[in-house]
Amino acid sequence: MKKIRLGVNIDHVATVRNARGENYPSPLRASLLAEKCGADSVTIHLREDRRHINELDLKKIIKKLKIPLNLEIAATEEMLKIASKSKPPFICIVPEKRKEITTEGGLNLNHNKTFLKKLINKLRNKNIRVSLFIEPSIKDINEAKSLKADCVEIHTGKLCNLINKNKDYKNEINKIKKAVRKGNKLGLEVHAGHGLTFNSAKILSKIDGIIEFNIGHFLIGESIFVGLPKTIRLFKKILKR
Ligand code: PXP
């Protein structure tokens, strides 16, 4: 039986904390509980505006967590400095717009390519595995390979949206399948994430070649009702094909 890794994104624990300016609920506590309940990694996104996770969270989590930490960052000098100092095992480079509610799409790999190349190179030289968050497009997969990324994470937001609204998702899932195939062929590790629920994770888990799912918003929301341990266990069950 093949097992897909589950990366638990705990950003929204920090969102709830920050809504009241208190020091609870604790993202560190959530990370350690996720680890205890079988998460394969923990993901945090240190945004430029620090709307959820902050540097102190990053410091505390990286110190205590035994499973890999996947740090999502935008391609900026500030984030390069922070990443070089904290040296998480995984970095996922994501696009960032100040006014967006969430990461709305994949990276534009042709924008600021020189810096992107430098960023990937510097991180890889520090033994950090680098992933690029991209749209399910063959062009972007080729581009990611030429930029020497280790992994790509395919943005599943559009697909999940269609599934949630009971709309036809055949075209979108075919795009994802093709991108996964191409990524595997080029030797890239292929991950997927954004907007995943129990239902969409189940559908996507049928695609061969995706080895990691990163899930946050739905997972944290569901935990309000049934708890983080049970929600993680349910996702792990779905990802065991
Ligand atoms: N993967 C990446 C690269 C992301 O930026 C996000 C959102 O922060 C996720 C996965 C998780 O998405 P969601 O919170 O919708 O599950």
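Which residues, counting only those in the range 184-217, are within 14 Å of the ligand (Cβ to nearest atom) and of a type in the set (S, T, N, Q)?
T197, N199, S200, N214
Test each condition in (1) surrounded by fewer than 17 Cβ atoms within 10 Å (Cβ to Cβ); (2) within 20 Å of N125 (Cβ to Cβ) for N110 and report the one that comes out false.
Condition (2) is where N110 drops out.
Here's a check for you: in the range 86-109, which residue that is at pLDDT 95 or above and either of a type in the set (A, V, I, L, M) or in a helix (DSSP H, G or I) (or both) is nearest to the ligand (Cβ to nearest atom)?
So, considering only residues that are at pLDDT 95 or above and either of a type in the set (A, V, I, L, M) or in a helix (DSSP H, G or I) (or both), the one nearest to the ligand (Cβ to nearest atom) is V94.
List, please: which pairs have Cβ atoms under 8 Å, are six or more places apart or on different chains, and start with a residue in the range 148-160 that is part of a loop (DSSP other than H, G, I, E, B) and more than 10 Å from the ligand (Cβ to nearest atom) and end with one that is of a type in the set (V, I, T) and modelled with pLDDT under 95?
none
Among residues belonging to the range 117-133 that are closer than 19 Å to G183 by Cα and of a type in the set (A, V, I, L, M), point out the one that is nearest to the ligand (Cβ to nearest atom).
L132
Filter the range 218-227 down to residues that are more than 14 Å from the ligand (Cβ to nearest atom) and not β-branched (V, I, T) and give me whichever is surrounded by the fewest Cβ atoms within 10 Å (Cβ to Cβ).
F225
Please enumerate the residues belonging to the range 1-15 that are away from the ligand (no atom under 12 Å from the Cβ), surrounded by 16 or more Cβ atoms within 10 Å (Cβ to Cβ) and either in a strand (DSSP E or B) or over 17 Å from the mean Cα position of the chain (by Cα) (or both).
Hit for the range 1-15 is R5, nothing else.
Exactly one condition in (1) within 27 Å of E222 (Cα to Cα); (2) assigned to a strand (DSSP E or B) is false for K66; which is it?
(2)
Residue by residue through the range 167-219, note down the ones that are without any contact (Cβ under 8 Å) to a residue 40 or more places away in the chain, in a loop (DSSP other than H, G, I, E, B) and closer than 20 Å to T103 by Cα.
G195, T197, listed by residue number.
So, in the range 220-237, how many residues would count as being outside any helix (DSSP H, G or I) and charged (D, E, K, R)?
0
The values are calculated or read from the model by the stated rules, or taken from the named source; none is laboratory data. Note that this is a predicted model, so its numbers are computed, not measured. Cβ atoms come from the backbone with ideal geometry, glycine included; neighbour counts cover every protein chain shown.
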